[in-house]
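Just so it is clear, none of the values below were taken in a lab; they were calculated from the coordinates. Everything numeric in this text was worked out from a predicted model, so none of it was measured. With ideal geometry, Cβ positions are generated from the backbone for all residues, glycine too; neighbour counts draw on all protein chains shown.
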Amino acid sequence: MFSYVFQSKYVFKATFDVQKFMRFFAVQSGAFVLAYMLSTWFPLENQYIQTLMIVAVIPLISFVIHKLWTFKVV
C-alpha cells in the first residue's frame, strides 16, 4: 500500500484510483513470482550475484510495466 501511494504521488504524479491500485498489485505480484522463478530455475553458485541480478532486473521491469500500463496517461 505504501509503495502504491508513494509511486502514485511522487514518481508518476497520478491520482489514486482503485483500477490503478489493482493493476499495481497485479504487476507487483507478477514481479514477486518472476523473482522467485528466476532464483529457483537459475540457481547460481554465488548467491550474492544472484541476489544482485534480481535486485537490478526486477525493479526495472516493474517500473517499465507501471509506466506503460498501470499509470498510463490516457
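Which residues does the label zone of Val33 cover in region 52-74, counting backbone N under 20 Å from a point 7 Å along Cα→Cβ? Only 54-55, 57-71 fall inside the zone, counting backbone N under 20 Å.
Each principal axis of the chain carries a Cα extent, and these read 44, 21, 18 Å when sorted largest first. Against the chain, whose longest principal axis comes from its Cα atoms, helix 18-41 is set at around 0 degrees. Here the peptides 56-65, 23-32 are ranked by packing, the mean other Cβ count within 10 Å, and the order with the highest first is 23-32, 56-65.
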